[in-house]
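J.: Can you read through this structure? Questions will come right after.
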């Protein structure tokens with residue numbers, strides 16, 4: 001067990017390693033259906049019929065039972081329609097949602113943290129019935145051809161649908177999903193020549209896209225304005241070839257004295273491939289003052305900042321001002337254990353979405369090559385050092401030498417793993433914090449300053465080239 005706070009609370013590590021009842025069976029049913037999508041549903045064979053039956057059997061005790069059983073039988077006979085595919089997608093989503101809920105419950109039991117309030121606000125209605133139907137038709141055609149039947153003509157049919165979805169702000173979430181999905185599919189055309197498909201990922205995207213075509217499903221539940229003190233815990237930096245996002249995890253203490261809450265604030269920006277490392281902060285910093293506060297170890301005072309039921313702050317600098325110094329490790333020791341977690345929107349319940357802030361100390365560390373583990377009371381917790389960004393001073397070596405850690409508890413490849421956001425180590429017998437987001441607000445560190453300068457030079461060159469192109 002790991003102390004969760006100085007007052008004597010504990011974190012039950014054994015609960016994170018014990019088997020979760022029913023989890024393997026639920027995932028096996030999901031995998032069986034995912035394999036069905038590889039060869040498509042135009043002319044299902046016996047193996048595909050078996051996968052459809054296994055999915056239907058897995059939800060036989062739920063309100064979806066009759067509808068999914070009918071859809072599975074009809075689809076196995078080659079006569080599945082769009083409504084049947086929606087039912088199958090709903091069954092798959094429900095199974096992964098149940099896995100998500102079971103894992104989240106296990107994390108709550110391990111940390112002793114209060115669960116979020118039950119229920120979720122109902123989203124408002126959205127329009128765009130015709131374009132939603134067009135998106136559903138394209139996804140249904142994908143299911144019929146399967147991943148092996150992919151060709152450029154079928155994939156490119158998504159382009160006009162995406163353009164129409166983008167015209168409606170309420171449907172842009174679906175537009176972004178379909179645009180990215182189509183790009184991945186296009187890169188693998190023709191499907192007949194592909195040796196191995198990202199089966200789970202593409203099935204996830206297909207399922208989410210299809211469910212978002214149900215009228216009203218893509219609508220957001222809205223946000224409430226909140227006022228109080230925000231105490232940053234750490235920054236999770238996520239980099240893509242053409243985009244970058246920083247997500248600040250924090251504890252929010254409402255000014256009205258109500259219970260504190262775990263929240264997030266995110267900012268993203270397009271990225272040229274020449275900007276890497278600490279230079280990424282230059283792209284994000286102008287859009288969110290919170291990054292500077294997180295880098296400097298400072299709280300933020302919020303006034304009327306919109307906060308969603310999922311715990312996302314819809315950040316606007318006009319609603320925030322810098323507060324007093326606030327050490328993240330102290331926040332994790334004192335404030336994090338008493339904070340309640342956010343709710344999860346129904347369509348977002350998926351084990352890959354788990355990223356729960358936790359604080360650990362009093363553990364031992366083990367290394368095996370580049371792999372790092374924390375060892376507590378005979379239990380091992382894998383540390384996902386591959387998620388540590390190069391745009392900060394935190395390194396796998398610092399994690400291996402640490403004695404306390406703030407991290408995001410994730411579930412990956414059948415086990416819980418910890419993504420470090422900050423650690424405490426001893427330097428000359430004095431405790432020193434090392435944070436992944438320490439350079440978010442700027443740095444005098446030699447390596448960070450060098451990367452920042454390189455990014456500045458690259459951005460200058462790109463602006464000059466863009467200017468010449470616009471003038472010609």
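J.: If each DSSP helix of 4+ residues adds -39,500 (n - 2.57) and the sum is divided by the residues in the chain, what number results at 222 nm, nearest 500 deg cm²/dmol? Please report the intermediate quantities before stating the final value.
T.: Values: 15 runs with 186 residues, N = 472.
After summing the helix terms and dividing by residue count, I get -12500 deg cm²/dmol.
J.: Angle check, please: helix 65-76 long axis (alpha carbons) against the longest principal axis of the chain (alpha carbons), in degrees 0 to 90, nearest 10.
T.: Taking the Cα atoms of the chain, the angle to 65-76 is about 60 degrees.
J.: Starting from one equal scatterer on each C-alpha and no solvent at all, send me the Debye-based log10 I(q)/I(0) for the stretch 238-279 at q = 0.18 Å⁻¹, two decimals.
T.: The Debye formula, applied to the Cα set alone, gives -0.60.
J.: Using a 10 Å cut-off around each Cβ, can you sort 253, 153, 82, 114 from fewest to most neighbouring Cβ atoms?
T.: Values: 253 20, 153 8, 82 16, 114 13.
The most exposed by this proxy come first: 153, 114, 82, 253.
J.: If you rank 201, 35 by fewest surrounding Cβ atoms within 10 Å, what's the result? Display every interim value, and only then the final one.
T.: Working: 201 13, 35 17.
Result, fewest neighbours first: 201, 35.
J.: Tell me, what is the Rg over Rh of the chain, with Rh the Kirkwood radius over Cα pairs? Walk me through the numbers on the way to the answer.
T.: Details: Rg = 23.7 Å, Rh = 24.2 Å.
So for the chain, dividing Rg by the Kirkwood Rh gives 0.98.
J.: Let me ask you something else. Calculate the tail of P(r) for the stretch 219-342: the fraction of all Cα-Cα distances greater than 22 Å, expressed in %. Let's see the in-between values first.
T.: Numbers: 2572 of 7626 pairs.
The proportion of pairs with Cα distances above 22 Å equals 34 percent.
J.: Roughly how tilted is helix 129-145, in degrees to the nearest 10 and between 0 and 90, from the longest Cα axis of the chain?
T.: Rounded to the nearest ten degrees, it is 80.
J.: Something else: When the chain is fully extended, how far beyond the present Cα-Cα distance does residue 296 get from residue 348, taking 0.36 nm per residue of separation?
T.: Values: separation 52, 0.36 × 52 = 18.72 nm, distance 3.25 nm.
Extra length available between residue 296 and residue 348 comes to 15.5 nm.
J.: By how many nm would the segment from residue 152 to residue 445 grow when fully extended, if each residue of separation counts as 0.36 nm and the alpha-carbon distance is taken off?
T.: Numbers: separation 293, 0.36 × 293 = 105.48 nm, distance 4.81 nm.
100.7 nm is the gain from fully extending residue 152 to residue 445.
J.: Which residues does a label at residue 245 reach in the stretch 421-439, if reach means a backbone N under 19 Å from a point 7 Å past the Cα toward the Cβ?
T.: Correct set: 421, 437.
J.: Given the Cα-Cα distance of residue 62 and residue 109 and 0.36 nm per residue of separation, how much length would full extension add, in nm? Don't jump to the answer; show the numbers that get you there.
T.: Numbers: separation 47, 0.36 × 47 = 16.92 nm, distance 2.53 nm.
Difference between extended and current length: 14.4 nm.
J.: Treat the count of other C-beta atoms within 10 Å as a stand-in for reagent exposure and order 184, 73, 424 from fewest to most.
T.: Details: 184 13, 73 16, 424 20.
Going from sparsest to densest Cβ surroundings: 184, 73, 424.
J.: Pop a pseudo-label 7 angstrom from the Cα along the beta-carbon direction at both residue 166 and residue 130 and give the gap in nm to one decimal.
T.: Taking the simple label geometry, residue 166 and residue 130 are separated by 2.0 nm.
J.: Counting pairs of Cα atoms in the stretch 123-220, how many percent are more than 22 Å apart?
T.: Numbers: 1158 of 4753 pairs.
Of all Cα-Cα distances in the stretch 123-220, 24 percent exceed 22 Å.
J.: Give the calculated FRET efficiency between residue 200 and residue 324 to the nearest 0.05, with a Förster radius of 35 Å applied to their Cβ-Cβ distance.
T.: Rounded to the nearest 0.05, the efficiency is 0.20.
J.: Separate question: With labels modelled as points extended 7 Å from the Cα through the Cβ direction, what inter-label distance (nm, one decimal) is found for residue 334 paired with residue 370?
T.: 3.9
J.: Can you tell me the orientation of helix 172-186 relative to the chain, as the angle in degrees between its alpha-carbon axis and the longest Cα principal axis, to the nearest 10?
T.: Between the helix axis and the principal axis of the chain, the angle is about 70 degrees.
J.: Quick check on the stretch 15-112: what are the equivalent-ellipsoid semi-axes from the Cα gyration tensor, as sqrt(5λ), descending, whole Å? Can you show the working numbers first?
T.: Details: eigenvalues 170, 34, 19 Å².
That gives 29, 13, 10 Å for the three semi-axes.
J.: Right, something else. Between the stretch 202-243 and the stretch 377-436, how many Å separate their Cα centres?
T.: Cα centroid of the stretch 202-243 versus Cα centroid of the stretch 377-436: 25 Å apart.
J.: Would you mind pulling out the separation of the Cα centroids of the stretch 45-84 and the stretch 149-198, in Å?
T.: Measuring centre to centre over Cα atoms gives 25 Å.
J.: Working from the alpha-carbon coordinates of the stretch 357-411, get Rg over Rh, Rh being the Kirkwood radius. Intermediate values should be presented prior to the final figure.
T.: Details: Rg = 10.8 Å, Rh = 11.7 Å.
Dividing the radius of gyration by the Kirkwood radius yields 0.92.
Every number in this text was worked out from the coordinates using simple rules, so none of it is lab data. Because the structure is predicted, anything quoted here is derived from the model rather than measured. Ideal geometry is used to build each Cβ from the backbone, glycine not excepted, and the neighbour counts take in all protein chains shown.
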